[in-house]
Amino acid sequence: MKQAALFENNVPQPLAAKLRPRNLDEYIGQSHLLGEGRVLRRLIENDQISSMIFWGPPGVGKTTLAGIIANRTKSAFIDFSAVTSGIKEIRTVMQEAENNRRLGERTIVFVDEIHRFNKAQQDAFLPFVEKGSIILIGATTENPSFEVNSALLSRCKVFVLQALKPEDIVTLLNRALKDKRGFGGLNVEIPSEMLEAIANFSNGDARNALSTLEMLILNSETAGDKITITDEMLEQCISKKSLLYDKKGEEHYNLISALHKSMRNSDPDAAVYWLARMLEAGEDPLYIARRVTRFASEDVGLADPRALETAVAAYQACHFIGMPECSVHLTQAVIYMSLAPKSNAMEAAYYSAKSDAVNRLSEPVPLVIRNAPTKLMKELNYGKGYQYAHDFEDKLTTMQCLPDSLIGREYYKPTEQGFEAKFKLRLEQIKNWKKQNKS
């Protein structure tokens, strides 16, 4: 069974709906999940779907994947919207699925925007998922760890869909210009640079990009049978971003670089200016918040452990209230990062350890810190001699935790900046204690 919401063709449809891929060969992006031989592709092609959740930003193909599954499966398929449905509708659908099960037919229930269901509504699905009456497929733009209750989440495999790359969106736009379902019957003249501009400003959202292209074509002037897209029309359709960012998106990266380097240089005035430039150009505040979060550990780290807390809080605030109100939260975070003491010891520690990890993948875990849940493992000396730090007065032991070939390696090298000076002193005390007690 397929509800009309996904597949209705009796009313005029936007371009994104007309061009919705009908099979995996037409699907663009998510190669980490749907490339040849990938797990999700095999599950869909073999009609072996289990309960799962598609998590990703808007316009990356979550609902499209559900449509492809609906077209391939031999199961009953029910499209269910969390926006318009309540407990009563859930129970009706579940009863229908239970009847199908008794008749030997499998039922797949697709729930769009599953994060909009409250706990009671999500709980209504649980017994039917547990006993196999339904296979649940949920789609969400929110982190399912927070928005889907743990009992239901534990019974679903989460697949993370990524924002589309600009080159993927350019491919999609070119398809729209050639496909008869799109503008294949029209003579549209649009430079490749404009397609790249649309792709860059869509922020990985295919729906947004196609809507922009459709707006451009439907509102451009026609000379004879030719439709010509002008720079002026493009600027109108992608709003004021085009006034502040160049059309290839290079300025996007220049501005985030300017923000990052101004904070690193402890220049709050410059940092706030570049922040304002980005926000007033229409940049996604969550993108900026993510970069500030990275900065909090990359450039501040343990010199001020609260920097990361501030950055994460700013991200959450942006998520809760959006623009323009969240501009003040980002300003607070950016000024905090600018004034915080600086240390890149976290990044340096990781990359130093990464080099050894990559080049010495075969190094065995020392027996003393291996887990020994079985009798055989204990007989093989797994965990033999393990020292539980809490059993010792100083909460310290001389137990070896690095592989033999890496003994003496030092990855974390704290600076004297801010709170990190205290961590440096503590690390020195630990190392001295271990040297003195080595025997």
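The values are calculated or read from the model by the stated rules, or taken from the named source; none is laboratory data. Computed from a predicted structure; not experimentally measured. Glycine also receives a Cβ, built like all others from the backbone with ideal geometry; neighbour counts cover every protein chain displayed. Please note that ligands, DNA and RNA were not included when accessible areas were found on the heavy atoms of the full protein model with its side chains. Shrake-Rupley method; radii C 1.70, N 1.55, O 1.52, S 1.80 Å.
Data table
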item	result
Most mobile of 319, 115, 390 in a GNM of the chain (Cα contacts under 10 Å)	390
Cysteines without a disulfide-compatible neighbour (Cβ-Cβ under 4.7 Å), the chain	156, 237, 401
Distance violations [Cα-Cα > 22 Å] among 384/434; 88/131; 354/438; 342/395; 378/435; 180/226	354/438; 342/395; 378/435
342, 62, 354, 165, reordered so the largest accessible area comes first (probe 1.4 Å)	165, 354, 342, 62
Principal-axis tilt of helix 306-321 within the chain, Cα atoms, nearest 10 degrees	20 degrees
Cα-based Kirkwood hydrodynamic radius, region 335-408, one decimal, Å	15.6 Å
Inter-probe distance in nm under a simple model that places probes 7 Å from Cα toward Cβ, at residue 270 and residue 232	3.9 nm
Highest-MSF residue in the chain out of 18, 395, 74 [GNM, Cα springs under 10 Å]	395
Candidates 415, 84, 293, ranked by Gaussian network fluctuation over the chain, Cα under 10 Å, top entry	84
Fraction of accessible area attributable to carbon and sulfur, region 368-433 (%, probe 1.4 Å)	54 percent
Alpha carbon centroid spacing (whole Å) that separates region 64-140 from region 154-216	30 Å
For region 276-406, size of Cβ-based charge dipole, Lys and Arg +1, Asp and Glu -1, in debye	360 debye
Volume of the Cα convex hull of region 137-192, divided per residue and given in Å³	110 Å³
Furthest towards positive pole of dipole, 314, 219, 48, structure part the chain, Cβ charges	48
Beta bridges per DSSP with both ends in the chain, % antiparallel, nearest 5	10 percent
Overall Cα dimensions of region 257-374, principal axis frame, Å, largest first	58, 32, 23
Region 281-439: translational diffusion in µm²/s, Stokes-Einstein, Kirkwood Rh over Cα pairs, 37 °C, 0.692 mPa s	173 µm²/s
Mean accessible surface per residue for region 1-155, computed with a 1.4 Å probe while every protein chain stays in place, in Å²	48 Å²
Alpha-carbon Rg/Rh ratio, for the chain, with Rh computed the Kirkwood way	1.04
Cα-based radius of gyration of region 57-166 once divided by 2.2 N^0.38 Å, which approximates compact folds	1.05
Proximal aspartates and glutamates to residue 424, defined as alpha-carbon separation beneath 14 angstrom and excluding residues fewer than eight positions away on the same chain	304, 410, 416
Helix 327-339 axis, angle to the chain major axis (alpha carbon atoms, nearest 10°)	30 degrees
Between 0 and 90°, nearest 10: helix 285-295 axis offset from the chain longest Cα axis	20 degrees
Gain on full stretching of the segment that runs from residue 354 to residue 394 - 0.36 nm per residue minus C-alpha separation	11.3 nm
Extension gain from residue 157 to residue 223, taking 0.36 nm per residue of separation minus the Cα-Cα distance	18.5 nm
Area accessible to solvent at residue 404, 1.4 Å probe radius, in Å²	120 Å²
Scattering curve values for region 75-231, log₁₀ I(q)/I(0), Debye with Cα scatterers, q = 0.11, 0.17, 0.21 Å⁻¹	-0.63, -0.91, -1.17
Difference of contour (0.36 nm per residue) and Cα-Cα distance, residue 425 to residue 319	34.3 nm
Helix-only mean residue ellipticity at 222 nm for the chain, each DSSP H run of n ≥ 4 adding -39500 (n - 2.57), per residue, nearest 500	-14500 deg cm²/dmol
